[in-house]
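Undergrad: Okay, here's the structure, questions in a sec.
The values are calculated or read from the model by the stated rules, or taken from the named source; none is laboratory data. None of the values given here were measured: they were computed from a predicted structure. Backbone-built Cβ (ideal geometry, glycine too); neighbour counts: all protein chains shown. Keep in mind that these areas ignore ligands, DNA and RNA; they rest on the heavy atoms of the full protein, side chains included. Shrake-Rupley method; radii C 1.70, N 1.55, O 1.52, S 1.80 Å.
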Amino acid sequence: MKHARLTLLTLFLAASLSVAALPKGPELNIPDAVASLTSTHKAQIANRVAHWAGLIKTALSASTMIEIRDTILSKRDLTLRSASVYREAYVAELVKQIAPLLEAKALPADSPKLQWIKQINIAILFSKLPQANALDVQVKLLSMPQKAMQLMGLRGLARQKKNLFRGETFTTITAAMSKTLPTETNPLILSACCDVLNLSRSDAKTLLAPKRAAVAQAATATMVQVVARLRANLSSGKIAFDPSAPTSAAAAKTALKTLRDNMSVLTGKPATTQALQLTMDVADGALIAYEAGLDQGEKSNLAATSAAVLVEVESAFVFLSKKSKNYIGSALRTRSIDERLPNVGEAVVDKWADELKGFGITGPSAVK
């Protein structure tokens, strides 16, 4: 249920509510096509953000916080001007004046519930910023103890596709993930990790060979951990009673997409073999989940979602191996429910394993 609560919290706080108009605050009189900011422009931005920081401190409800957050992100403020110099200056002020409020000690002595509402809305705000100067705050969110904060940090980092490899940023990110992944069970976080690790949506291709190799190694090692946790979720003895099972299935599909997409950056047979082995491991977890779903009935939600994962597994096998086969798809269409699971299992662990022997794949890897 804790995963379901995190999902509901995220959905609630991500929604805009209709509230009374907020005080307008200082005006932003900055030209549309501004090429550089004057000291007057910068002062206007600083005063505007200070206005929002003050309202955050005095806010008394979730609806007010959501309105503040959404206004900051709107065409009244951050997106008022498209010029990068304007938006970067605005984000710099958010980092300076709003980010410190992520710490409860920087907020007024409100109730713990109200303080949390303020903190999570600030985290959501930073999760929507693609500017490079928001990176440090997004990375900081990864190290916070609350799962919702970690999720917002990951979602923010997934927007930083052109900035992930500045300095040691990517190493810091994967190291932070690796600290928590050995015990991570939340499928929303696991899915968000996959989004960050999807190198095809970044500028990884433009990196010089040594750094590109280091980034590839870090991404692959972290994906090994993510897949292990997703496999554990799907193969859990409690999967049939887990309300987050469909979310775990969706996360597994995201992982398969990342494994496929990353082949546009990773090269060579060893990288292909690694991706195929991880895909086989996802298949192993999905098979167990599919069996649990069929026990509930062939039309159960768990059966449908895990079958969808298996379809994606076959698509990944075909893409990675260049072998156009339809073993899993055919098996899933078996009319007899009593024969369907054995047929699907044979398609994965016998037929596909046999097709992949040339890559060194013999079946799912041993569970550690």
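Undergrad: For residue 129, work out the one condition from (1) at pLDDT 95 or above; (2) in contact with a Ser or Thr (Cβ under 7 Å, 6 or more places away or on another chain); (3) part of a loop (DSSP other than H, G, I, E, B) it doesn't fulfil.
TA: Condition (2) is where residue 129 drops out.
Undergrad: Looking only at segment 253-275, filter to residues that are assigned to a helix (DSSP H, G or I) and of a type in the set (S, T, N, Q); which one of those is most open to solvent (accessible area, probe 1.4 Å)?
TA: 274
Undergrad: Among the numbered criteria (1) at pLDDT 95 or above; (2) over 14 Å from the mean Cα position of the chain (by Cα); (3) open to solvent by less than 20 Å² (accessible area, probe 1.4 Å), which one does residue 239 miss?
TA: (1)
Undergrad: While we're looking at this one, here's another question. Under 6 Å between Cβ atoms, at least 6 apart or on separate chains: pull out the pairs that start in segment 115-127 with a residue that is of a type in the set (S, T, N, Q) and end on any residue that is modelled with pLDDT of 95 or more and open to solvent by 10 Å² or more (accessible area, probe 1.4 Å).
TA: These pairs meet every condition: 127/155.
Undergrad: Next question. Could you check segment 128-171 and list, in sequence order, the residues that are within 24 Å of residue 79 (Cα to Cα) and without any contact (Cβ under 8 Å) to a residue 24 or more places away in the chain?
TA: Correct list: 138 only.
Undergrad: Do we find that residue 180 is hydroxyl-bearing (Ser, Thr, Tyr) and closer than 19 Å to residue 141 by Cβ in this structure?
TA: Criteria met by residue 180.
Undergrad: Among the residues of segment 83-126, write down those that are in a loop (DSSP other than H, G, I, E, B) and over 23 Å from residue 157 (Cβ atoms).
TA: 83, 107, 108, 109, 110, 111
Undergrad: I've got another one for you. Scan segment 38-53 residue by residue and report those that are open to solvent by 30 Å² or more (accessible area, probe 1.4 Å) and either under 27 Å from the mean Cα position of the chain (by Cα) or of a type outside the set (Lys, Arg) (or both).
TA: Scanning segment 38-53 gives 38, 39, 40, 43, 44, 47, 50, 51.
Undergrad: Among the listed residues 86, 90, which satisfies the condition of being among the aromatic types (Phe, Trp, Tyr) and touching a Leu at 6+ places or on another chain (Cβ under 6 Å)?
TA: Of 86, 90, the one residue that is among the aromatic types (Phe, Trp, Tyr) and touching a Leu at 6+ places or on another chain (Cβ under 6 Å) is 90.
Undergrad: Within segment 4-16, can one find any residue that is more than 19 Å from the chain's Cα centre (by Cα), surrounded by 10 or more Cβ atoms within 10 Å (Cβ to Cβ), at pLDDT below 90 and closer than 25 Å to residue 84 by Cα?
TA: no
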